[in-house]
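**Student:** Can you read through this structure? Questions will come right after.
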Amino acid sequence: DQLGLARALERLRRDVGSQMRELRTLLDTSKVVVETLDPHHVAEAIIHEVRRLVDVQAAAVLVMEASGQLRVLASEGRSADYAEALRLRPRDAISPAAQALREDRPVQMVAGAGVVFPPVSYAEGFRALLALPIRSPHAEGVVLVVHRTAPESFGDHDVELLMTFANYAALAWEHAVLYERSDVRLREEQQTLAAIMRSM
């Protein structure tokens, strides 16, 4: 009975320690992703912190271009060709990133589990991936994609943790996009004012 109690206490100690590390990472993450207003730097911070938070070997943030295609804004753990070549249409039937965006939910795939695994990811040695939409009313079309080399699915705990993180990231992303838009608008107003002054 005492041995069982000792084991239970040890499990509890490990669980609490693990949860404290996760909370510290989420707190650190929230600080990091709001330190900058540049969307590219926000995406890089998101990727870096995700790799600290969950056991993944690669991560990428995809954004919607004006052309309506998803492209890589920032990536870590993938080849340079991946970032340059990847362009996805939101209606792409086999893309987990496009599916996550369309269905507004996490989508995961494991190679060999009866699904068509993305060939580009497979060729780079990845065997599992999870795509999560980053929801924001002012910056639509943002997806976080994480990859593992092991062919094992992401557990509920990892998915929930990454969804919580994606909510933090959405706030930082939204602030960066709104700042960028206001900066563009300010430059346009300055150009208009300069043109008026020159015409006088």
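**Student:** Would you check which residues across the range 43-87 are under 16 Å from PHE126 (Cβ atoms) and touching a helix residue (DSSP H, G or I) at 6+ places or on another chain (Cβ under 6 Å) and list them?
**Tutor:** Hits for the range 43-87 are VAL54, ALA59, LEU62, VAL72, SER75, GLU76.
**Student:** While we're looking at this one, here's another question. Take ARG51 and tell me if it is within 21 Å of ASP158 (Cα to Cα), exposed (fewer than 12 other Cβ atoms within 10 Å of the Cβ), modelled with pLDDT under 85 and not aliphatic (A, V, I, L, M).
**Tutor:** No; evaluated as a whole, the condition is false for this residue.
**Student:** When THR149 is evaluated against the numbered criteria (1) β-branched (Val, Ile, Thr); (2) in contact (Cβ under 8 Å) with a residue 60 or more places away in the chain; (3) crowded, with 16+ Cβ neighbours inside 10 Å, which criterion, by number, is the only one it fails?
**Tutor:** (3)
**Student:** Return the residues of the range 73-82 that are surrounded by 15 or more Cβ atoms within 10 Å (Cβ to Cβ) and outside any strand (DSSP E or B); say none if nothing qualifies.
**Tutor:** Result: GLY77, ARG78, TYR82.
**Student:** Still on this model: Which of the residues that make up the range 61-72 are without any contact (Cβ under 8 Å) to a residue 60 or more places away in the chain and crowded, with 18+ Cβ neighbours inside 10 Å?
**Tutor:** Result: VAL72, single match.
**Student:** Quick check on the range 92-102: of everything there that is out of contact with any helix residue (DSSP H, G or I) (no Cβ under 7 Å at 6 or more places or on another chain) and not small (Gly, Ala, Ser), which residue is surrounded by the fewest Cβ atoms within 10 Å (Cβ to Cβ)?
**Tutor:** Only one residue tops the list, namely ILE94.
**Student:** Also: Hey, among ALA123, ALA128, ALA113, ALA97, which residue is within 17 Å of ARG71 (Cα to Cα) and among the small types (Gly, Ala, Ser)?
**Tutor:** ALA97
**Student:** I'd like the residue in the range 77-87 that is within 16 Å of the chain's Cα centre (by Cα) and modelled with pLDDT of 85 or more and, out of all such residues, is farthest from GLU49 (Cα to Cα).
**Tutor:** Per the stated criteria, the residue is ARG78.
**Student:** Has the range 141-155 got any residue that is under 17 Å from GLY77 (Cα atoms) and out of contact with any strand residue (DSSP E or B) (no Cβ under 7 Å at 6 or more places or on another chain)?
**Tutor:** There is at least one residue in the range 141-155 that is under 17 Å from GLY77 (Cα atoms) and out of contact with any strand residue (DSSP E or B) (no Cβ under 7 Å at 6 or more places or on another chain).
The values are calculated or read from the model by the stated rules, or taken from the named source; none is laboratory data. Because the structure is a prediction, the values reported are computed rather than measured. Glycine also receives a Cβ, built like all others from the backbone with ideal geometry; neighbour counts cover every protein chain displayed.
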